[in-house]
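Here is the structure we will look at, set down as structure tokens.
The values are calculated or read from the model by the stated rules, or taken from the named source; none is laboratory data. All figures in this text were calculated on a predicted structure; none of them were measured in a lab. A quick note on method: Cβ atoms are made from the backbone with ideal geometry, for glycine too, and the neighbour counts reach across all protein chains shown.
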Amino acid sequence: MALDLGTSSLHCAITDVKGRVLASSASRVQVRTPRDGPRLARELDAQKIMADVTHLVTRCLKDANISARDIRAVGVTGQRQGIALLDGDDKELMLSPNIDLRASFEGLAMQEEWGIEVYKTTGHFPLLLLAPAKIHWARKNKPDIIHRLRHLLTLPGWLVYRLTGEATCEASLAASTGLLNIYNRQRPASLLSNIGVPMEKLPPLAESGAVAGILKESAAKSLGLLPGIPVTLAGADTQCGLLGMGLMDYGQTGVVAGWSCAVQSITKQPRHDTQMNFWTGCYPIDGMWTLEANLGDAGNAHRWLKEMLMGKEMPWEYADSLAEATEPGSEGVTCFLGPSLSSAPRAKLQRGGITFNTPLSYEETNPGQILHAFYENLAYSLKENVPAMEKVNGYSSETLHIGGGMAQSAVLAKTIADVIGRPVRRATGPDVSSIGASMAAASAAGIYSNLSEACREMASDLEVFEPEMVRTLEYQELFQQWKLLYQRIQDS
């Protein structure tokens, strides 16, 4: 069983030992603005999340038509940058998701003194997204939180704690919160002490696929599972997504396109980007790292666009059928929503929108053209960022892999292949992060000897989309036009 606490959705999936998904269910993660917090503050409701976990587990067991005794282990994955602060009575003092920007001011202030050192050590930037800035905010604005603090956990680590009573962390998650030296995969004690992170509140590190704890009786009773089964903290959802697609060779590049769009290449050592355009992270398989271009909003922007065009009930299949009928260039429609020229470490608020030909009396723009232009926007962002990232990495992947919720769109996969001029291997199901977490669970259960073996045996099936060279050549000019218009909009 896999549990995935994502940015927009909470997922539960049950797979067999070959990675085939037997049942999958999801609920929307509800984010609230605390009454006594700043305008950009966001928090999660612990009771609501655990209630949703119970509901999803029950539903998946029923849909898979299996009993609790059939579940051998649980793997937990989820969003990065988010943290959970717990007191000595195991009460949640703060559940801060990755979109919680309450520490923007504190992060910017800390960045002046510590930004470069934090980036060189942890591989992540800017500080306003990371745990040290949130701790600084709490110390400044809610000192009682720091006084009562017992555990500083990642959000997936918090879910493991709720299931087992054991506090733990994993390298890919620790790095993404700015709390790990990516070179030795240990806590940077001196740096964290200097920037005010209480080292004694951080949990021990454990590898993905190692047993973090066993399912405690109270959690088992609530979920309808058997107590005593192993639980593992599989790692960050994006890295688990790459595992789910079977990526474990140096130089392979994968796109996990969910709420946001993360593009990661696997490296054999940490790659430091002197321009600070990309993140360096840890891969769940020991001895491997990742270099990442994070393109920001993808599925979130697509959801907004679909609802604006056709209402909340517009299904993927219908959206794809509309977009599929449109040729390269989307009949003159250009989209600037979500992914752009900049990777997340350097991204900022920017102007966006949709342009099309007028007057409408002569040429009316339709939803299919707009949806296709959105897919082209994402593909153009990949065309800009992937080669730049691979140049820093020193490897160039002949094939691009894509998975996640946005990969449900075959039109998107084909558009990306045509724009970047490379074959695209698309996961046939949207549950790649859950499959990656199931791999870790299979390793923890002893079904496979290690995570690498589980990855070889359980990887998702992939569908190949070859580029059409005529379209690729056509997109060369369209891409340059898109870049030029993008710059003009930002300068306006």
Quick test of your reading of the structure: THR358 fulfils all but one of (1) of a type outside the set (D, E, K, R); (2) surrounded by fewer than 20 Cβ atoms within 10 Å (Cβ to Cβ); (3) more than 24 Å from ILE99 (Cβ to Cβ); (4) in contact with a helix residue (DSSP H, G or I) (Cβ under 9 Å, 6 or more places away or on another chain). Name the failing condition by number. (4)
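Of the residues GLU331, GLU324, which single one is within 25 Å of VAL255 (Cβ to Cβ) and modelled with pLDDT of 90 or more? Explain how you work it out, then say what you get.
Details: GLU331 fails: within 25 Å of VAL255 (Cβ to Cβ).
Of GLU331, GLU324, the one residue that is within 25 Å of VAL255 (Cβ to Cβ) and modelled with pLDDT of 90 or more is GLU324.
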Select, from LEU215, LEU202, LEU191, the only residue that is out of contact with any Lys or Arg (no Cβ under 7 Å at 6 or more places or on another chain) and modelled with pLDDT of 95 or more. LEU215
Just to be sure before I move on: is ASP461 out of contact with any helix residue (DSSP H, G or I) (no Cβ under 9 Å at 6 or more places or on another chain), over 30 Å from ALA236 (Cβ atoms), charged (D, E, K, R) and modelled with pLDDT under 95 in the structure I sent? no
Residue count, segment 147-163, condition over 20 Å from the mean Cα position of the chain (by Cα) and surrounded by 18 or more Cβ atoms within 10 Å (Cβ to Cβ), comes to 6
Cβ contacts < 9 Å: first residue touching a residue at least 60 places away in the same chain (Cβ under 8 Å), restricted to segment 116-134; second residue in a helix (DSSP H, G or I) and among the hydroxyl-bearing types (Ser, Thr, Tyr), any location; separation 6+ or different chain. Result? THR122/SER176; GLY123/SER176; HIS124/SER176; PHE125/TYR119; PRO126/TYR119
Determine the pairs where a residue that is closer than 15 Å to VAL17 by Cα, located within segment 64-78, has a partner that is of a type in the set (S, T, N, Q) and outside any loop (DSSP other than H, G, I, E, B) with Cβ atoms under 9 Å apart, the partner being 6 or more residues away or on another chain. ALA73/THR232; ALA73/SER438; ALA73/SER443; VAL74/THR232; GLY75/THR232; GLY75/SER434; GLY75/SER438; GLY75/SER443
For segment 1-45, please list each of the strands (runs of 3 or more DSSP E) lying entirely inside it that holds at least 1 residues being in contact (Cβ under 8 Å) with a residue 60 or more places away in the chain and within 15 Å of the chain's Cα centre (by Cα). 2-5, 9-15
Restricting attention to segment 352-387, which residues are in contact (Cβ under 8 Å) with a residue 12 or more places away in the chain and not in a helix (DSSP H, G or I)? GLY352, GLY353, ILE354, THR355, PHE356, ASN357, GLU363, THR365, ASN366
Only one of ARG185, ARG139 is over 19 Å from SER104 (Cα atoms), surrounded by fewer than 21 Cβ atoms within 10 Å (Cβ to Cβ) and either among the charged types (D, E, K, R) or at pLDDT 95 or above (or both), namely ARG185
